[in-house]
Amino acid sequence: MALNEFSTDILRALRDNAITFSRTEAAKIVGSKQRLQRLINQGEIHAVKDNPDAQNGRWRCPAEEVLWHARPKRTKTYWEERGIKKPKPYPHVSWP
């Protein structure tokens, strides 16, 4: 991915100011919980637990790494926007 100077300045500012996202926010940005977990396992994103001794401690992910792996949100199709089932292409033909 090629980054322009503006993008690198934004990522540098996020790193310098130690901006983080919660695990839920990070999952929304990268696309899914499964993708976030895979990126964490591969070492692409570092996840740190605020209180490692607590069972329900909050996970924090650096914003710079999360935004580097951001995925655009999938746009809905014509049929999904209207909440209707897509019609079959040949309704008059019955297939055996």
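Every number here is computed from the coordinates shown, using simple stated rules; none is lab data. Remember, it's a predicted structure, so these values are computed and weren't measured experimentally. A quick note on method: Cβ atoms are made from the backbone with ideal geometry, for glycine too, and the neighbour counts reach across all protein chains shown.
Things worth noting here:
- Residue in the stretch 61-78 that is part of a helix (DSSP H, G or I), touching a residue at least 40 places away in the same chain (Cβ under 8 Å) and acidic (D, E) present: yes
- When the stretch 24-42 is limited to residues that are among the charged types (D, E, K, R) and within 10 Å of the chain's Cα centre (by Cα), the one that is farthest from W68 (Cα to Cα) turns out to be K33.
- Counted residues, the stretch 46-68 - those being under 11 Å from T20 (Cβ atoms) and not basic (K, R): 11
- Screening the stretch 44-69 for residues that are closer than 17 Å to K33 by Cβ and hydrophobic (A, V, I, L, M, F, W, C) and picking the one that is surrounded by the most Cβ atoms within 10 Å (Cβ to Cβ) gives V66.
- Counting the residues of the stretch 28-43 that are in a helix (DSSP H, G or I) and either touching a strand residue (DSSP E or B) at 6+ places or on another chain (Cβ under 9 Å) or surrounded by 12 or more Cβ atoms within 10 Å (Cβ to Cβ) (or both) gives 10.
- Pairs with Cβ under 9 Å, 6+ apart, first in the stretch 28-42 and free of Cβ contacts under 8 Å to residues at least 12 places away in the same chain and under 24 Å from T75 (Cβ atoms), second of a type outside the set (D, E) and part of a loop (DSSP other than H, G, I, E, B): K28/K73; S32/R71
- Within the stretch 1-23, the set of residues being loosely packed, with under 12 Cβ neighbours inside 10 Å and part of a helix (DSSP H, G or I) comprises E5, F6, T8, D9, R12, D16.
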